[in-house]
Amino acid sequence: MKVCMLTSSFPRFKGDPAGIFIYNLCLQLIRKGVDIEVIAPHHHGCEFLENRDGIKIHRFPYFYPFKYQRLSYGAGTLQNVRQSVPAMVQLPFFIIAEILYSLWRIKRGKTDVIHAHWSMPQGLIGVFCGYLSGVPCVTTIHGSDIYGLKLPLINALNAKVIQCSDVCTANSKPTARAIREISGREDIEIVPMGIDPNFFKRSSEVRDLRKRLGVGGKAILFIGRLIDWKGTEYLIKALPKILETYPGTKLLLVGSGPQKRRLVTLSRSLGITNTVLFIGEVGQEELPKFYSLATVFVLPSIVNDKGETEGLGVVLLEAMACGLPVIGSNVGGIPDIISDGETGLLATPKDPDDLARKIIRLLSDETLRKSLIENGLNLVRNNFSWDVIADEFEMLYRNTVAL
């Protein structure tokens, strides 16, 4: 079976976190005998055609000179369009280029199934190419493509894509509910993204990292883009109260994004500049070390003014696999991972006091930490490993072809 993956984000180089979950899904599907071809946007400095670990990658250019391509990567397509006029101008060129590249590869490669990640614009392109080629299209909704796009025209296009896809999958129960609300389609398959427990596991090689970062005691960890709906500001606001009980605690923020300057200013205004460490982006191979040196992982996501929120929260799964107790806000798809008091703790969104109480509770209660760690590890292995997720997608592809 041959599957053509359409995506707006895919790792540009080894260790690049952009679209890493799609890369890992492809890798696991290849191990199961599925032939994978990826159509992804080009990035300046990348090869246009590459075979990486058996995955055939075609990167389509959409603007010239190539170094001025601004639509993909970085903060993500949606954020880039909102923040950059050049990115907005490049959108129609992007869509046309991906349609042409996709049709060429689908027809020439004798594709059996198109798998489009995100409804806009990949789902739209996948459905259109499927109509012209006669190849069935599976569209996967990751959350940002539904929660963050509320304009009537976009909602109408999203609804049409969902209705016209041969199969539509969601990464969580809340995302599936949102899909049903805007499209009226009931047969939404829930297939989450996963993690590799063989990669994300506890590391003993953290001494040098602790020394380099100056972390001698307890450490609170956040990993993700520094964008508003990740709620990082509320984690920073919770820190002064935590420091009253655990004065040596450090907060590690791993990631980059447009909110960084604002968060640095907030830390300075609270007088905790030396306690909040802005690490920036790190390669995938370094992430297990950060998870392993931390005492607790926190994902303080919110629903922002545009309706954007967490589709699932894969970083929670990574932390669990590395033997780290987790706290997440009770929003979006996070409750699909965290059962409060069993696999983690759920906090009230936008409430620094509640977040501080939950963090102090975990820092203080070793028995609770051990229980959450054990339950989290079992959850990841049984429900969210790539081996399990790839089996679900492979069966879905075969059922789609048989329709």
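Laboratory data are not the source of any read-out in this text; all were calculated from the coordinates shown. Given the structure is predicted, the values throughout are model-derived calculations rather than measurements. Ideal geometry is used to build each Cβ from the backbone, glycine not excepted, and the neighbour counts take in all protein chains shown.
Using a Gaussian network model on the chain with a 10 Å cutoff between Cα atoms, which of VAL388, VAL161, VAL38 fluctuates the most?
With Cα springs under 10 Å in the chain, the top fluctuation among VAL388, VAL161, VAL38 is at VAL388.
Starting from region 187-277, pick out the GluC sites (Glu not before Pro) whose DSSP state is loop and whose Cβ has at most 12 other Cβ atoms within 10 Å.
Numbers: sites: GLU189, GLU205, GLU233, GLU244; in loops: GLU205.
When the GluC sites (Glu not before Pro) of region 187-277 are filtered for loop state and at most 12 Cβ neighbours within 10 Å, GLU205 remain.
Would you mind listing how long region 289-403 runs along its three principal axes, going by Cα atoms, in whole Å with the largest first?
Result for region 289-403: principal-axis Cα extents of 54, 36, 24 Å.
Arranged by the count of other C-beta atoms within 10 angstrom, fewest first, what order do HIS115, HIS44, HIS58 take?
In order of increasing Cβ crowding within 10 Å: HIS44, HIS58, HIS115.
Rounded to whole Å, give me the distance from the Cα center of region 103-133 to that of region 234-275.
When both Cα centres are located, 44 Å separates them.
Quick one: of LYS260/LYS306; LYS260/LYS370; LYS237/LYS289, which pairs are farther than 24 Å apart, Cα to Cα?
Details: LYS260/LYS306 20 Å; LYS260/LYS370 33 Å; LYS237/LYS289 26 Å.
Those over the limit are LYS260/LYS370; LYS237/LYS289.
Estimate the FRET efficiency between ASP340 and LYS107 by the formula 1/(1 + (r/R0)^6), using the beta-carbon distance for r and 56 Å for R0, to the nearest 0.05. Show your work: numbers first, answer last.
Numbers: r = 50 Å, r/R0 = 0.89.
Plugging the Cβ-Cβ distance into 1/(1 + (r/R0)^6) gives 0.65.
Taking 2.2 N^0.38 Å as the expected size of a compact globular protein, what ratio does the Cα radius of gyration of region 133-274 give against it, to two decimals? Please list the in-between numbers first.
Details: Rg = 21.0 Å, N = 142, 2.2 N^0.38 = 14.5 Å.
Normalised Rg, Cα atoms only: 1.45.
Long-range amide H contacts for PHE60: which residues qualify at under 5 Å (H placed 1.01 Å from N, peptide plane, sequence gap of 5 or more or a different chain)?
For PHE60, the qualifying residues are ALA40, HIS42.
Under unit Cβ charges (Lys, Arg +1; Asp, Glu -1), what dipole magnitude, rounded to 20 debye, does the chain have relative to its Cα centre? Working shown, then result.
Details: 47 positive and 40 negative charges, 222 e Å.
Rounded to the nearest 20 debye, it is 1060 debye.
Select from region 1-90 those trypsin sites (Lys or Arg not before Pro) which occupy a DSSP coil region and have at most 16 other Cβ atoms within 10 Å, ordered by residue number.
Working: sites: LYS2, ARG12, LYS14, ARG31, LYS32, ARG52, LYS56, ARG59, LYS67, ARG70, ARG82; in loops: ARG12, LYS14, LYS32, ARG70.
Listed in order of number, the matching sites are LYS14, LYS32.
So what is the 222 nm mean residue ellipticity for the chain from helices alone, if each DSSP H run of at least 4 adds -39500 (n - 2.57) and you divide by all residues, rounding to the nearest 500 deg cm²/dmol?
The helix contribution divided over the chain gives -13000 deg cm²/dmol.
Taking the alpha-carbon distance from LYS110 and a cut-off under 13 Å, which aspartates and glutamates remain once sequence neighbours fewer than 8 residues away in the same chain are dropped?
The qualifying aspartates and glutamates are ASP35, GLU37.
Calculate log10 I(q)/I(0) of region 207-383 for q = 0.09, 0.15, 0.18, 0.20 Å⁻¹, where I(q) comes from the Debye formula with a single equal point scatterer on each Cα and nothing for solvent.
-0.26, -0.79, -1.20, -1.54
For labels at VAL388 and GLU186 in the simple 7 Å Cα→Cβ model, what's the distance in nm?
With each label point 7 Å from Cα toward Cβ, the separation is 2.8 nm.
Mind sorting THR111, THR367, THR265, THR400 by how few other Cβ atoms lie within 10 Å of their own Cβ, fewest first? Each step should come with its number before you reach the end.
Details: THR111 22, THR367 7, THR265 10, THR400 19.
By the 10 Å Cβ count, ascending, the order reads THR367, THR265, THR400, THR111.
Which trypsin sites (Lys or Arg not before Pro) in region 175-208 sit in a loop by DSSP (not H, G, I, E or B) and have at most 16 other Cβ atoms within 10 Å of their own Cβ? Kindly include the intermediate steps, with their values, before the conclusion.
Numbers: sites: ARG177, ARG180, ARG185, LYS201, ARG202, ARG207; in loops: ARG185, LYS201, ARG202.
The qualifying sites are ARG185, LYS201, ARG202.
Lysines near LYS107 by alpha-carbon distance under 19 Å, same-chain residues fewer than 8 away left out - which ones?
LYS2, LYS56
Work out which helices of the chain, taken as complete DSSP H runs, extend at least 27 Å along their axis over the Cα atoms and score a mean Kyte-Doolittle of -0.5 or more, then list them. Numbers along the way, then the final one.
Numbers: long enough: 85-108 (35 Å, 0.95).
Counting only whole DSSP H runs, the qualifying helices are 85-108.
Please arrange THR175, THR273 by how many other C-beta atoms lie within 10 Å of their C-beta, fewest to most. Could you put the intermediate results ahead of the total?
Values: THR175 29, THR273 12.
Listing THR175, THR273 from fewest to most nearby Cβ atoms yields THR273, THR175.
Which log10 I(q)/I(0) values does the chain give at q = 0.07, 0.09, 0.11, 0.14 Å⁻¹ under the Debye formula, counting every alpha carbon as one identical point scatterer?
-0.32, -0.53, -0.80, -1.27
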